[in-house]
1. Which of the residues that make up the range B:313-335 are aliphatic (A, V, I, L, M), in a loop (DSSP other than H, G, I, E, B) and open to solvent by 20 Å² or more (accessible area, probe 1.4 Å)?
2. Can you name the residue in the range B:80-121 that is without any contact (Cβ under 8 Å) to a residue 24 or more places away in the chain and in a strand (DSSP E or B) and, of all such residues, is least open to solvent (accessible area, probe 1.4 Å)?
3. Name every residue in the range B:334-377 that is under 24 Å from B:Arg267 (Cβ atoms) and charged (D, E, K, R), in order of residue number.
4. Does A:Thr159 qualify as being away from chain B (no Cβ under 13 Å) and of a type in the set (Val, Ile, Thr)?
5. A:Arg164 passes all but one of (1) surrounded by 15 or more Cβ atoms within 10 Å (Cβ to Cβ); (2) outside the structural domain of A:Gly310 (by TED's automatic domain parsing); which number fails?
6. Give all pairs with beta carbons closer than 7 Å in which a residue from the range B:224-236 that is within 15 Å of B:Ser212 (Cβ to Cβ) and more than 7 Å from chain A (Cβ to nearest Cβ) meets a residue that is open to solvent by 20 Å² or more (accessible area, probe 1.4 Å) and assigned to a strand (DSSP E or B); count only pairs at least 6 apart in sequence or on separate chains.
7. Could you check, for the range B:207-226, whether at least one of its residues is modelled with pLDDT under 95, β-branched (Val, Ile, Thr) and more than 24 Å from A:Asp183 (Cβ to Cβ)?
8. Out of all the residues in the range A:194-230, which are within 14 Å of chain B (Cβ to nearest Cβ), out of contact with any Asp or Glu (no Cβ under 7 Å at 6 or more places or on another chain) and surrounded by 22 or more Cβ atoms within 10 Å (Cβ to Cβ)?
Amino acid sequence: MHRIATAGAARHRITTAPARRWAMRGSVLATVTAVLAGGAAARYGSPPPPRACLESDADCFAPHDGTGCNWLPCCTRICEIDALCCNLVWDAFCAEAAQVLCDPPPACFTGVGDCFVPQAGPACGDEPCCYYICAIDPFCCLGRWDAVCAESARRLCATLDTCRLPPTTGELEQEACQAGSNDGCAENAFAPVQTLRPGTRIRGQVHAVIRRDTDWYALDLGAPTRLEVTLESEFPAELSIVAGTCEEGYEVLAVAHAVPCSMLTLHADIGADLAPGRILVVVGPGSGIGGIYDGIPCASRPPDWGPHIGRAYELGTRLRPPTGP
Amino acid sequence: MPIPVPVLSALLLGATAQFDLEITGVVPLGPAFFPTCVSIADLDGDGLPDLAVSGRNVAGRMAILRGQGPGLFGAPEPIVLGAQSDWVEIADFNGDGHQDLAVALRTTPGIVQILRGTGGGGFVFGPSLAVDRFPTCLAVHDIDGDGTLDLIVSNYGSDTLSVLRGHGDGTFASAERLLVGPALRRAPRPYHLLLHDFDGDGTADLAVNHTSTGRISVFRGHPDGAFTGPRILPSVSVACIAALDLDLDGRPDIASFGLAPTGGALRTFRNVGEPGGRPLRFEPGPTVLMGLWTWYLVAADLDRDGRDDLIASDASLNGLLLLKNNAVPGVITLGPPQPVPTGLFPRMIRPIDLFGDCMRDLVLVDIATHAVVVLRNRTLPAGPCAGPDLNSDGAVDFADLLILLGLWGGPGPAGDLDGDGTVGLADLLILLAAWSA
């Protein structure tokens, strides 16, 4: 059975001033120092955390007049969602967001047992794998590490922190992280889509912070055809082929899920050729039990936040001759 | 901007009363029972309808209430499930002639607990069926036409529906998953599901609401029990959905309710797909201003005019809102909402004729007062049960027209579809309005 080596996150955790929230819970969790975070950032090649998060000594969970707060991972995360918390003031919104979001599954720090088999309680003993699965399915840490969690772990933890796609020669997705410029019908209002030319490959990236990014690509078909879509991703991915409009609703023609670093091929023409018109191809983080809505931030993050899930994917399309009458 | 409750209430209370419903019974379920769903059938074989009530209580109890006569029910007999329950359905899953129960347990991992009826209203624990996170709603139907009953389950804590195919002996195959909201940014939180033949191909299709994204997913059913899609309707903020023919074109449309503060309105979706299995298509219809904390919605013909009306629960108004379906073919027309106080928070409603007068009465569970409430429908005097379908052949057609003409000028009740004591022009119009349905 494949096991994942525990990353250094827990070992490097330094017990300085505990965050109030954890102290109240009697948690062994403690604040991560700026020194450690800086080292981690250098190791992972990620941009440095916001300056306000390094300099502030204020409580993350209470509004104050300054910027940032004293628990670096929490501060970094909140400012990633709302930069004003680090640029203007750590107001009530920032504090409330911290109450809700700076709550990594504590069960992973104390979980026991093999992640690949069901456990009697929440979490499992392999911390990175535990984090990974709980990002996908929070119930594995809030409820019980049941058979669904164990199945997800067997399927996904083997690629944990190791799946990285090679450099691409394809086109690049035009959406910057969290820009929402190709979200299609995923939100209430119609957002633009990026046009996809048959036969080309697209290299894109997703993220998942409270909500997941979904990248919508439009493929305009001039004649009846069959369509084959391929996807390779660094993260557990959901690939959907849909038709319709945001205003009238859209129909999911086909949906499938990709395991990291394995090639997924999806056909949208089961039983009949696709009629001429616009077809939409949608990529987002997801697994067989649903979407992944958290745990894939835009920037690399300190190791205290668990394993780094890759964000990149490579999407390809191929038109095939129609089956004919 | 939401309308304040007092203003809205005044508006609604000023509406003309079109239905006459009277509370004839209130059965307490015990403190802190928090009933969530009621299902009705003769559980003990005495010919009277009994009630099965699920509850979200810490003791993990549900209850059986035995029918004791028209509209009367006995004290609750508890069944300890060991977990909170959100939904219960009654059916004979193993074909032994005794009604069984399927109960959605609000657990993670989710469980649908089968309770096998032993006759006389007794139950023993049957299989515990594994589904996804927090199952909240069940539907029972033979989806694959093999003569055995299957289960469809919505899993609020996952993004999925579970399809459990029955073997006919009370056991079920492992759950098949349907993804409710592919390509959406937020978890859909599926809650309330419906089975209806939306595309007119003779097989049941499946609609489910998203409580989080406010959308509705409609899956197309196939004769082998498979479902494809879904078609995802635009966001409207949805707490509950109902299927009924709103425009009298013979196809079921969808009505949906929104939660406050973004909701507060009943929205309609006309079924405009081509009959016979073509792609499912719906287009937005009229919107009706409703209460501020609407929760449940169900369709039933309350006035025997051949058109299903809408019954909604609203916690802000402490009761029900009734909407008369005044549709004419091709046009959705709903009357103003008529409030009916029933308690505090009617959580779930089942229409049924409890008094044998061919009127659809209502049984509801109130999650705030921990009670079952029975409302007798006195909208019309006793009349023909079939409504405009005077020969009860399942269709309103030329044969019914001939029967009505044969009864012309008579006192009824046969043929007196509007209950005015005479078979006349108004009854003919009711029959013609229901013709295609």
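The values are calculated or read from the model by the stated rules, or taken from the named source; none is laboratory data. Keep in mind the model is a prediction, meaning the values are calculated, not measured. Don't worry about glycine lacking a Cβ; one is built from the backbone with ideal geometry, like all the others, and counts go over all protein chains shown. Areas reflect the complete protein model, heavy atoms only, side chains present, ligands, DNA and RNA absent. Shrake-Rupley method; radii C 1.70, N 1.55, O 1.52, S 1.80 Å.
1. B:Ile332
2. Only one residue fits best here, namely B:Thr118.
3. B:Arg347, B:Arg350, B:Arg360
4. Answer is yes for this residue.
5. Every listed condition holds for A:Arg164 apart from (1).
6. Correct list of pairs: B:Val236/B:Arg267.
7. Among the residues of the range B:207-226, not one is modelled with pLDDT under 95, β-branched (Val, Ile, Thr) and more than 24 Å from A:Asp183 (Cβ to Cβ), which makes the answer no.
8. A:Arg212, A:Asp213, A:Tyr217, A:Val229 - these are the residues of the range A:194-230 that are within 14 Å of chain B (Cβ to nearest Cβ), out of contact with any Asp or Glu (no Cβ under 7 Å at 6 or more places or on another chain) and surrounded by 22 or more Cβ atoms within 10 Å (Cβ to Cβ).
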